[in-house]
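Presented below is the structure to which this report refers.
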């Protein structure tokens, strides 16, 4: 059992594992070198040699306890027939959703399209220190639906009219996509992943009356599947504020990843039955060293004696200085 899985499953508070969302990516010069030669992001994710190489880059540079496979949550809609294009400074754009096309998908074809991802996991596991975890991940059904149906108006709001018009289709997709996501998880486990993280990045945009059906219920189905497979599962329902407590009680994941809006002391008091992860605002890494260390210590002290994984409240930002990250990691690893 690795340091990370021991913390999650055995709730061992004696050490603090550390890893970062988006640790394999844009802030690293060695990644930017590969990316500059590979303009098509989807093709890069489907290049198992390069995907594995990118996954291992931060492991070679830093003293981290887990690698997370270099891929993207939108590989699932891509493999279900939607075109996915990443536009600079705008983000992902998906082709118009077609329910008939979506319903015609077969699990065998879906697996075939994602085979390079599983090959990348196999290669990574082979070259990764046995004491280190290898994390696989999925986007939660709601977060994928936001992209698949083009529901976002801007960064912090969704098109409510569009949501209401699409409700009957969304209900069908929610049921079916859970099955595909479980297939994707199962394939990643078989390839060598030992932990799963579910990213519900847009959970905070769900209207309150839809939280159960759009967030809690589908996440619970996937968490239950992971538990049947005996693989540790981390949930990240970003932006739901104090509804984290309700989410935890209903979904009951092995570990909850906190976003930067959650007060660590509130989390320690109210989510005491769960292994907890993350919380630090990624923008703190742009501050002076003493400000960064104070913020890091705030989280380490809040969760002292509690099963806790050091991470951020969202992914590492592209402007992050690797040297600053190195000092932060040293701070966590030397914490007593």
Problem set entry | Condition met for residue 231 (crowded, with 19+ Cβ neighbours inside 10 Å, farther than 27 Å from residue 321 by Cα and touching a strand residue (DSSP E or B) at 6+ places or on another chain (Cβ under 7 Å)) | yes
Exercise. What tally of residues in region 245-267 results from selecting those that are crowded, with 21+ Cβ neighbours inside 10 Å, part of a loop (DSSP other than H, G, I, E, B) and out of contact with any strand residue (DSSP E or B) (no Cβ under 6 Å at 6 or more places or on another chain)?
Worked result: 2
Seminar exercise, completed: Just one listed residue, out of 206, 177, is surrounded by 16 or more Cβ atoms within 10 Å (Cβ to Cβ), touching a strand residue (DSSP E or B) at 6+ places or on another chain (Cβ under 9 Å) and either over 24 Å from residue 99 (Cα atoms) or touching a residue at least 40 places away in the same chain (Cβ under 8 Å) (or both), and it is 206
Exercise. Restricting attention to region 277-297, does a residue exist that is part of a loop (DSSP other than H, G, I, E, B) and buried (at least 19 other Cβ atoms within 10 Å of the Cβ)?
Worked result: yes
For this session: Hey, can you tell me all the residues within region 298-311 that are closer than 19 Å to residue 66 by Cβ and either at pLDDT below 95 or assigned to a helix (DSSP H, G or I) (or both)?
Result: 299, 300
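Tell me the strands (runs of 3 or more DSSP E) entirely within region 1-110 that contain at least 2 residues that are surrounded by fewer than 21 Cβ atoms within 10 Å (Cβ to Cβ) and touching a strand residue (DSSP E or B) at 6+ places or on another chain (Cβ under 9 Å).
Working: elements: 66-68, 84-87, 91-94.
So the answer is 84-87, 91-94.
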For this session: For region 138-156, state whether one or more residues are surrounded by fewer than 14 Cβ atoms within 10 Å (Cβ to Cβ), within 26 Å of residue 203 (Cα to Cα) and in contact (Cβ under 8 Å) with a residue 12 or more places away in the chain.
Result: yes
For this session: Report yes if residue 329 is farther than 25 Å from residue 200 by Cα, buried (at least 19 other Cβ atoms within 10 Å of the Cβ) and either at pLDDT below 95 or out of contact with any helix residue (DSSP H, G or I) (no Cβ under 6 Å at 6 or more places or on another chain) (or both), otherwise no.
Result: yes
For this session: Among the residues of region 71-128, write down those that are at pLDDT below 95, over 20 Å from the mean Cα position of the chain (by Cα) and at positive phi.
Result: 89
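Going through region 115-150 one residue at a time, which ones are in contact with a strand residue (DSSP E or B) (Cβ under 8 Å, 6 or more places away or on another chain) and outside any helix (DSSP H, G or I)?
Keep residues of region 115-150 that are in contact with a strand residue (DSSP E or B) (Cβ under 8 Å, 6 or more places away or on another chain), which gives 121, 124-125, 128, 132-140, 143, 146-148, 150.
Scanning region 115-150 gives 128, 132, 133, 134, 135, 136, 137, 138, 139, 140, 150.
The values are calculated or read from the model by the stated rules, or taken from the named source; none is laboratory data. All figures in this text were calculated on a predicted structure; none of them were measured in a lab. Positions of Cβ are generated from backbone atoms using ideal geometry, with glycine treated the same way; all protein chains shown enter the neighbour counts.
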